[in-house]
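Okay, structure first, notes after.
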Amino acid sequence: MQSEQQTRPQGPTRQGERTISTHTRGFLSRYPFNTVQTVNILGEIGPLASMFIVNGIHGIAAGTWALIVTTILSLVVSLVVLGRPPIMPFIAGAVSIVFGTLTLVTGDAMWVQVKVTIFNTLVAALLALGLKTGHNFFRFVFGETFHYAPAGWHKLTRNMAWFFLATAIVNEAVRLGFATTHFMALNRIFTGVDIWILFKLFVVMPITALFMWWQVQLLQRYRLPDKPQPVIAR
């Protein structure tokens with residue numbers, strides 16, 4: 001009798017577990033980003049969010065320290081989760097640390113802001129130069145893992161070059177346009193740096209995520225069949 005009472009509650013519990021598992025699988029099937037993209041997106045959002053919060057409470061110096069520390073943590077997490085150093089996030093992270101250090105040394109938040117302009121412009125120029133000289137960066141880095149037709153790699157690199165250039169221009173426009181902004185809201189004073197961070201978090205990041213998702217969908221048209229694995233004779 002006691003055994004029956006102990007086993008009866010397990011039916012609804014198992015049914016609930018199956019329902020949760022079904023919902024989880026359904027969400028994952030609709031989730032538009034893979035592991036690499038998710039880690040990269042969170043690696044961008046985390047440092048900016050921490051900088052905004054800490055900057056609002058303790059000032060730009062503490063906010064910059066938060067940016068540097070969380071950038072290092074995001075790089076470590078990327079290395080642990082992916083099992084390899086992702087090239088672009090590591091380069092961007094290293095540049096963020098350098099320019100964050102310049103902000104700490106000079107006390108001027110401009111260095112953290114202008115980093116995006118300089119870095120994105122250089123990346124756009126290098127990608128465009130690679131296309132002109134026949135050295136496709138993305139095909140060189142990812143060609144062994146992902147198999148796409150040359151036209152697909154070309155369109156990806158071209159689109160990314162234009163995207164990096166556009167974000168560099170917009171970043172500089174926001175930085176300069178709100179450089180002297182000061183206004184009171186939510187019981188605190190918002191500065192041009194706060195506007196810049198909020199713009200990055202709630203405008204640039206969502207647009208970047210949608211753009212990357214579009215590029216993934218675009219590349220599927222140029223996907224080549226996987227290379228057959230060699231059969232080892234026994």
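Bear in mind these aren't lab numbers, they're just calculated from the coordinates by the rules spelled out. This structure is a prediction, so every number in the text was calculated from the model and none was measured. FYI the Cβ positions are ideal-geometry reconstructions off the backbone, even for glycines, and counts take in every protein chain you see.
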Listed by chain and number, the residues whose amide H is under 5 Å from that of H147, excluding neighbours fewer than 5 places away on the same chain and using placed H, are L224
Cα-only Debye scattering, the range 143-227: base-10 log of I(q)/I(0) at q = 0.18, 0.22 Å⁻¹: -0.82, -1.03
Mind giving me the FRET efficiency for V76 and I53? R0 is 22 Å, r the Cβ-Cβ distance, nearest 0.05 is fine. 0.60
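Remind me, what semi-axes does the range 61-120 give for its equivalent ellipsoid, largest first in whole Å, using sqrt of 5 times each Cα gyration tensor eigenvalue?
Working: eigenvalues 101, 34, 8 Å².
Rounded to whole Å, the semi-axes are 22, 13, 6.
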Two pseudo-spin positions, 7 Å from Cα along C-beta at V203 and at Q217, lie apart in nanometres by 2.4 nm
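How much net charge surrounds T103 when only the other residues with a Cβ under 14 Å from the Cβ of T103 are counted, with Lys and Arg +1 and Asp and Glu -1?
+1
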